[in-house]
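Novice: What follows is a single structure, and I will ask about it in a moment.
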Amino acid sequence: MVHALIIGGGIAGPVTAMALRRAGLDATVFEAYPRGADDAGAFLVLFANGLAALAAVDADGPVRACSFPSRTVEFLGDTGATLGTRPIAGPGDGPSPRTLPRAALHRALREEAVRRGIPVAYGKRLVGTAAGPHGTVTAFFADGTRAEGDLIVGADGIHSRTRALLDPAAPGPRHTGQLTVCGRTRDTGHRVPPGTYRMMYGRRGFFGCTTGPDGTTYWFANVPGGELSAAALASRTPGRWRRHVVEAFADDGTPAAAIAAATGDDIVGLNVYDIPSTPVWHDHHTVLVGDAAHATAPNAAQGASMAIEDGVVLARCLRDLPDAGRAFAAYERLRRERVERVVALSAAMAGRVARSAGERRERDADVERGMARDTAGSTDWLTGYRIDWDARVH
Ligand SMILES: Cc1cc2nc3c(=O)[nH]c(=O)nc-3n(C[C@H](O)[C@H](O)[C@H](O)COP(=O)(O)OP(=O)(O)OC[C@H]3O[C@@H](n4cnc5c(N)ncnc54)[C@H](O)[C@@H]3O)c2cc1C
């Protein structure tokens, strides 16, 4: 049986492993961090396309069990006035998007992979690869160990080592000029009605929040800012991030600053990057999936769903085509255009900054027009996308 070495146990890694298993291949997942590593504050939304891709390999159940649905999105301008409300999903979208902590998604996917008999090895940071004599490939890890298999799937995220090994000239992540801060609190007096995302256009940033069934409010803030060094990020306390967000939204009439001010230490801030296009996705024994191939800014909330789709499509290609080289080429052909379109969409959303009162009025009118367009199904190409697991890839 073909054995895939999957580098990275985030989202793409466990999903690819489960999909490969379903396609009749063997897989082992190698994750750099020790078991149980967590991300304070960070959370994700999975849209209908990502949920459907999980369902294609029967892996949506555990994710549904630790997430909650949203049906409505409401937009506020910087004065606090409501610009409009619309269904969060388009008419043909299927299941409502679901929100969950990022660590819960990682845990649910890894546990489901292990339940299906897929080994997940922790503390295994890939440092190198080498082709073996009989078409095999070896992965070398920072702890001095190695693993041998038939192919390598690089699911090691935006700062992918696999990508650098595949193509040392590959462009690295591009900083988008944005910082994003995520928080969770039960103490805010501002509860969003169940099943609703409240999005707020501030004068100096964009803020979104929703309240889960247990009363926890999840929020994120996208604010302009230069790239912070790893040391600067590591030394920033939750209190400092809180002040940053409170100050950014203090002059608005929205509840954004008050929600941030009511949050304790469950706050994390990050540089925002994307990768518009990675020239080389594969050679004859290594292939990239998820953020390793095409990271997107979080504005369209689609990076995790794209990573899930990648894993399922790659498994179909390896199931149906006679060798890894042809399978990888088919996978790239099926995926590249779609994921690069998503990265461009998200970058355009990130770049929408209104500085003057006139620009803000124009933006508010644009949001209202955009709501009418979205309701009419202009995002069907994105969230209406479905993978037919049983269809053969030629
Ligand atoms: C603030 C923020 C909000 C977001 N919100 C959303 C959202 O709402 N919806 C959405 O769909 N997407 C969202 N995204 C994007 C989403 O998080 C990513 O697209 C998604 O996590 C990509 O999955 P992945 O498996 O490719 O990478 P990751 O989830 O990053 O997983 C990569 C894994 O590889 C491991 N690893 C790294 N290097 C090595 C190595 N050398 N050896 C072994 N293992 C390694 C890492 O430890 C990690 O576990 C958001 C991103 C950010 C930053």
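The values are calculated or read from the model by the stated rules, or taken from the named source; none is laboratory data. The structure displayed is predicted, hence computed values, not measured ones. Don't worry about glycine lacking a Cβ; one is built from the backbone with ideal geometry, like all the others, and counts go over all protein chains shown.
Novice: May I ask you to say which residue of Gly50, Gly8 is within 10 Å of the ligand (Cβ to nearest atom) and either farther than 30 Å from Gly135 by Cβ or modelled with pLDDT under 95 (or both)?
Specialist: Values: Gly8 fails: either farther than 30 Å from Gly135 by Cβ or modelled with pLDDT under 95 (or both).
Going through Gly50, Gly8 in turn, just one is within 10 Å of the ligand (Cβ to nearest atom) and either farther than 30 Å from Gly135 by Cβ or modelled with pLDDT under 95 (or both): Gly50.
Novice: Checking Gly84 against (1) modelled with pLDDT of 90 or more; (2) away from the ligand (no atom under 12 Å from the Cβ); (3) closer than 22 Å to Ala12 by Cα: exactly one of these is not met. Which one?
Specialist: Single failed check for Gly84: (3).
Novice: Do you know which residues across the stretch 312-326 are surrounded by fewer than 22 Cβ atoms within 10 Å (Cβ to Cβ) and assigned to a helix (DSSP H, G or I)?
Specialist: Selection gives Arg319, Asp320, Gly325, Arg326.
Novice: When you check Arg115 against the structure, is it within 30 Å of Ala300 (Cβ to Cβ) and modelled with pLDDT of 95 or more, yes or no?
Specialist: Here the answer is no, as Arg115 does not meet what is asked.
Novice: Another one. Among the listed residues Ala297, Ala262, identify the single one that is in contact with an Asp or Glu (Cβ under 7 Å, 6 or more places away or on another chain) and not assigned by TED's automatic domain parsing to the domain that holds Gly183.
Specialist: Details: Ala262 fails: not assigned by TED's automatic domain parsing to the domain that holds Gly183.
Only one candidate passes the filter, namely Ala297.
Novice: Consider the stretch 301-311. How many of its residues are surrounded by 24 or more Cβ atoms within 10 Å (Cβ to Cβ) and out of contact with any Lys or Arg (no Cβ under 9 Å at 6 or more places or on another chain)?
Specialist: 6
Novice: Would you confirm, using the coordinates I've provided, whether Gly215 is crowded, with 20+ Cβ neighbours inside 10 Å, at positive phi and either touching a residue at least 12 places away in the same chain (Cβ under 8 Å) or more than 10 Å from the ligand (Cβ to nearest atom) (or both)?
Specialist: no
Novice: Would you list the helices (runs of 4 or more DSSP H) that sit entirely within the stretch 212-310 and hold 2 or more residues that are basic (Lys, Arg) and more than 21 Å from the chain's Cα centre (by Cα)?
Specialist: Filter on the stretch 212-310 gives 238-249.
Novice: Do we have Ala324 as under 18 Å from Pro171 (Cβ atoms) and either more than 13 Å from the ligand (Cβ to nearest atom) or in contact with a helix residue (DSSP H, G or I) (Cβ under 8 Å, 6 or more places away or on another chain) (or both) here?
Specialist: In short, no.
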